[in-house]
Structures are given as C-alpha cells and as structure tokens.
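Working notes for the structure below.
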Amino acid sequence: MSAVVTILAGTMLVIGSLFALVASIGIVRLEDVYMRTHAASKAGTLGSGLMLIALAVYAADLAVATRALAGVIFFLLTAPISAHLLAKAAYEAGYRPCADTKEDAMAEVFPQKD
Amino acid sequence: MTSLFLINILMALAWAAVTGSFSEINLALGFVLGTAALYLIREQVGTTAYFSRVGKAFNLAATFVYELVLSAWRVATIVVRPKIELQPGFIAYPLTVDRDFEITMLANLITLTPGTLSVDVSADRKTLYVHCIDVPDPQATIDDIKNGFERKILEVFR
C-alpha cells in the first residue's frame, strides 16, 4: 500500500515538475507576450496542480489533502484570470503581437498608437 | 434547484446530528445518503432535473480537466520543437451566453483549453476576443468552442 502511494506520488511529482519546466522553456522560447502567457497559464497550472495532488496523495491526512486540493482549485480559478488580465493589459498598453500574427481582430477595438 | 441542494445539505446535517458525530467523513456520508434518498423519490418530488444537471456539471468538470491536460501537452510539444513555426492571431468570438458569470466561465474555460487564451470582452458583451497560438483556420476554432464548451455551459445553467 505505502509503496504504491510513494510511487504514485513520486510519478506525479516528476510529471508535474516536467510540465513546470516546459512552461518556463516556453516563456523563454516563444515570441511575444501573448504566446508566452499560453505556456505559463496552461503547462504551469497543470504542473503545479499535479504536484499539489501528489502532496495530497502522499500526506494521507485529510486536513493536508483538503488544503492541497483547495490549492489546486484556486490555481484553476486564478491562472486563467491572471493570464487574461496580463494579455489585456499588454494589448491596451500598446504591446504589439509578433510579426507572425496572422489576424488581429482586436486592432479595430484598440487602435494601436504609433 | 438551489433549494434541493440546500435540502441535501440539511439532510447531511441531520444525519450528523442523529449519529452524533460532525466529523468531515460522517458529514460526507450524510450528504451521499441524502443524495441517495433524493434519488429514490426523484419521480415524486421532481428531482430528476437536479440529477441530470449534476451529471452535466460533472461532465463539464471532466471535459475541463481533460482539455487542460490536452492543452498543456500541446504547449509542451510546441515548446520543445527545434524550430517553432506558428501562426498566432486574435479572433473575435461571437458570444451566445449573455450572463456575466457564464461569460466569465466560458472565458476561463477557453483560456485553459488547447491553444486559446481569452483576452477581452467587448463593451456590449457580444464579442469575446481570443488569442490563438496557432490558427490556420479561425472559423474552425470558433465552431469548436461553440459546439463544445458554450453548449455545455448552456446545458448546465439554463
């Protein structure tokens, strides 16, 4: 039983940290702030969520587990909102999307100042 | 709908009072038993809608987690490619949902799904601006959201 729990928690920790690593590589490699937000909000959320669930599984204590799960839920609630606000603020501040950007439906709403 | 949920919680409290233990596990057991009781009398008191709605809510949550895993995987495969070739873009998504919390929910779901990130809502709440990391075909992306998440949200909250 305890061996299974340890292996399960360990696997989730490793996968979670791999996703966190990928998120940070994405922030370095992708071209503009909008694409970087994609990496940070998705891979980052899954990575941290998996690590918190690993903690909940490993702790085998209801008080710790509920707090870890509450952490996961708050991650899921806050990550999209912060990503959304970052992207919106960047666009309104006049940060242009990178040159590869094919189509820009927002240009009509927020005309860019030159 | 809400009142049935309240009744369910009251039944959980009653169970805890009768069995004399307000521990979390006993409360959870009481809640499950209350749900079972409500399920047994679903035809008489009209709780069928309650259960189908709960089922749809679970379905929505499961879709959400599945899409999150998928999107993280997709970002991961994009990021580790030796050469990143993408066609990012902003698309205007026409909203069918019109209540504030439904828009919020849809926007959050869109953000956590593969390749899309909601950026802004127009002042008249009819258009959601979405940034896509790779959109060869904007209309296909719009249709995906329309037939996927937006429909599910409408099913749960309408």
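Every number in this text was worked out from the coordinates using simple rules, so none of it is lab data. These figures come from a predicted structure and were not determined experimentally. Neighbour counts are summed over all protein chains in view; Cβ atoms, including those assigned to glycine, are modelled from backbone coordinates with ideal geometry.
Summary table
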item	result
Dipole of the protein assembly as shown, positive direction: furthest Cα of B:Y129, B:I7, B:V65, with charges on the beta-carbon	B:I7
Interchain or long-range residues, amide H under 5 Å from B:V121's placed H	B:Y129
Among B:R99, B:R74, B:R53: highest mean-square fluctuation, GNM of chain B, C-alpha pairs under 10 Å	B:R99
0 to 90° range, to nearest 10: angle between helix B:100-111 axis and chain B longest Cα axis	60 degrees
Most mobile listed residue (A:A59, A:A87, A:A39) in chain A, GNM with C-alpha springs under 10 Å	A:A59
Helix-only [θ]222 nm of chain B, DSSP H runs n ≥ 4, -39500 (n - 2.57) each, per residue, nearest 500	-20500 deg cm²/dmol
Whole-Hz ³J(HN,Hα) from phi, Karplus 6.51 cos²θ - 1.76 cosθ + 1.60, for the stretch B:147-154, glycine and proline x	7, x, 5, 4, 4, 5, 5, 4
Over chain A, relative contact order from alpha-carbon pairs under 8 Å, at least 6 apart, %	26 percent
Residue order, fewest to most beta carbons within 10 Å, for A:T78, B:T111	A:T78, B:T111
Reduced Cα scattering model of the stretch B:49-157, Debye log10 I(q)/I(0), q = 0.13, 0.14, 0.16, 0.19 Å⁻¹	-0.51, -0.58, -0.74, -0.99
Gain on full stretching of the segment that runs from A:V64 to A:T6 - 0.36 nm per residue minus C-alpha separation	19.3 nm
Burial ordering of B:S3, A:S48, fewest other beta-carbon atoms within 10 Å first	B:S3, A:S48
Between the stretch A:7-38 and the stretch B:74-104, the Cα center-to-center distance that results, in Å	17 Å
The protein assembly as shown - convex hull of alpha carbons, volume per residue in Å³	151 Å³
Net charge dipole size for the protein assembly as shown [Lys, Arg +1 and Asp, Glu -1 on Cβ; Debye, nearest 20]	500 debye
Helix B:24-40 vs. chain B, principal-axis angle (Cα, 0 to 90°, nearest 10)	90 degrees
Top positive-direction residue, dipole computed over chain A with Cβ charges, set A:A9, A:G49, A:L86	A:A9
In degrees, nearest ten, helix A:62-92 long axis to first principal axis of chain A (Cα)	10 degrees
